[in-house]
Structures are given as C-alpha cells and as structure tokens.
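Bear in mind that the values in this text are calculations on the coordinates, not laboratory data. Fair warning: this is a prediction, and the values are worked out from it, not measured in the lab. Note: ideal-geometry Cβ built from the backbone for every residue, glycine included; neighbour counts use all protein chains shown.
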C-alpha cells in the first residue's frame with residue numbers, strides 16, 4: 001500500500017484486440033486450457049443505449065493465457081459453443097468484483113463458473129469503508145485505474161482502442177488482488193466465512209437470468225446506498241442481512 005497510488009495506464013502485455021471469430025475463440029480456449037490458476041472475469045453492457053441487459057463484451061485473464069476480450073454477440077452468430085470455454089477453464093476460481101452484477105449474464109451465455117472469489121465481498125469482510133474496484137485496488141496494490149468509459153455504449157463496433165484498454169484493465173489486476181486479499185482474509189481468520197459468502201453469491205447469481213426479477217434485488221439496492229463493512233453475525237450471509 002502506498003500513500004500516492006501509481007496509475008496503471010495500460011495492461012502490461014498491451015491492449016488486446018476483440019475476439020469475435022470462431023478461430024480466434026477456439027485459439028483462446030486452447031490457451032486457457034494450457035494455462036493455470038484463477039480466472040479474472042468481467043462484463044460490459046449497453047444499459048441506457050440498448051433495450052435489455054445483454055453482455056456486449058466479456059473480459060477474462062488467466063496466467064499463461066493473457067487477457068481475452070470476447071464479443072458474445074458476434075461469437076453467437078459464428079456458432080461458438082461456450083461449453084468449450086467451460087471445459088478449458090475447468091474448476092478454476094473465477095475472480096469478479098461485485099459478482100452479482102455479472103453472474104446472471106454469464107449464466108445467460110452458458111458460462112458455468114464452479115468456484116468464486118468476489119473482491120467486493122472480500123473488501124466488506126475485511127472492514128473496508130469504500131469497496132469499489134478502484135478503491136480496493138488502490139488500498140491493496142497501490143495502483144489506480146483509469147475509468148473514463150464505464151457508461152459507454154458497449155454495443156458500438158468496432159470498439160475504439162481506449163475502450164478496449166479500459167475493458168482490459170478491469171481484469172488486469174484481479175488475480176493479484178485475489179492473492180493479496182485471500183492472504184489478508186486468512187490472517188484475520190475470515191477465510192472460511194468468505195468462502196461461505198462466495199458460495200452463496202455463486203448460487204444466487206447463477207439461478208437468475210439477466211434482467212429478470214433478481215432474488216438479490218434488495219441487496220443491490222442496499223449496498224449501492226450504504227458504506228462500511230458488514231456487521232457481525234456469522235450465522236447468516238451478509239447479503240441475507242439486507243433482505
């Protein structure tokens with residue numbers, strides 16, 4: 001942690017192109033199958049520009065495979081099978097920030113994460129008062145990320161380079177963040193509690209479809225308007241406390 005966070009302007013391996021063809025999809029799946037460790041994941045939508053809540057870009061990173069920016073709409077037209085992706089990553093831990101925003105959309109696509117590490121939930125359990133991705137990244141890694149395009153129309157094609165850079169940065173540091181936060185959870189004796197919360201979020205997030213009446217709607221509303229860590233009470237999920 002540093003007093004003055006350093007700007008992470010671009011991914012260390014450069015800004016990737018969008019994967020929108022079947023050969024490129026299969027090549028990335030092959031790279032994932034040969035890689036190792038946790039899988040960083042995120043998604044971008046076009047809320048406010050398009051009707052519905054479809055994912056227009058899904059981003060991944062895994063050590064050995066690098067960052068992949070995948071266009072699910074184009075890949076659907078190409079006949080891509082997301083089960084190829086599921087088989088490639090196997091039972092890897094999926095790292096997401098605020099997973100309940102993205103899990104329903106992943107479920108709609110056919111993506112099937114088996115295990116989860118949610119950096120927002122971890123931040124709450126660790127007592128942070130600000131738990132957005134930027135705040136958590138600054139606190140634990142001493143790095144800050146540019147966030148110019150969070151409200152962009154992600155259905156726009158072709159995606160400009162600075163948009164692709166923004167999307168890639170969303171997954172660039174998640175693996176390092178998981179490593180650091182997992183160690184801190186273990187240090188504070190909260191890792192088992194955290195794993196229970198991650199399992200709970202994974203079940204809830206994959207039982208709903210994007211845009212449906214989500215079983216965690218009360219949680220979404222609550223945590224957008226409240227700051228601070230969850231209160232005590234290990235007998236129930238921190239998300240149950242908002243119902």
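Quick check on segment 45-100: take the gyration tensor over C-alpha atoms, sort the square-rooted eigenvalues as a ≥ b ≥ c, and tell me if it's rounded (a/c under 1.5), prolate or oblate.
Working: a/c = 2.08, a/b = 1.37, b/c = 1.52.
Taking the square roots of the gyration eigenvalues as a ≥ b ≥ c, segment 45-100 is oblate.
If each residue's Cβ is checked for other Cβ atoms within 10 Å, how do 99, 35 rank with the fewest at the top?
With the fewest neighbours first, 99, 35 line up as 35, 99.
Take the alpha carbon gyration tensor of segment 1-102, find the square roots of its eigenvalues, order them as a ≥ b ≥ c, and report rounded if a/c is under 1.5; if not, report prolate when a/b exceeds b/c, else oblate.
Values: a/c = 1.66, a/b = 1.18, b/c = 1.41.
Since a/c reaches 1.5 but b/c is at least a/b, the shape of segment 1-102 is classed as oblate.
Measure off 7 Å from each Cα along the Cα-to-Cβ vector at residue 184 and residue 91, then give the distance between these two points in nanometres to one decimal.
About 2.9 nm separates the two model spin labels.
Among 36, 53, 139, 97, rank each residue by its count of other Cβ atoms within 10 Å, from fewest to most, as a rough exposure measure. Walk me through the numbers before you get to the answer.
On the way: 36 10, 53 16, 139 19, 97 26.
Least to most surrounded, the residues fall as 36, 53, 139, 97.
With a ≥ b ≥ c taken as the square roots of the eigenvalues of the C-alpha gyration tensor of segment 6-226, please select rounded if a/c is under 1.5 and otherwise prolate if a/b is larger than b/c or oblate if it is not?
Values: a/c = 1.35, a/b = 1.28, b/c = 1.05.
Here segment 6-226 falls in the rounded category.
Measuring from label point to label point, each 7 Å out along Cα→Cβ, what is the residue 207 to residue 192 span in nm?
In this crude label model, residue 207 to residue 192 measures out at 2.4 nm.
Taking 7 Å along the Cα-to-C-beta vector as the label spot, tell me the residue 81-residue 47 distance in nanometres, rounded to one decimal.
Distance between label points: 3.4 nm.
Looking at segment 6-226, what % of its DSSP beta bridges pair antiparallel, to the nearest 5? Could the numbers behind the result be given before it?
Numbers: 11 of 23 bridges.
Taking every DSSP beta bridge with both residues in segment 6-226, the antiparallel ones total about 50 percent.
Using the 10 angstrom Cβ neighbour count as an exposure proxy, how do 121, 19 rank, fewest first? Kindly include the intermediate steps, with their values, before the conclusion.
On the way: 121 28, 19 23.
Sorted ascending by nearby Cβ count, the order is 19, 121.
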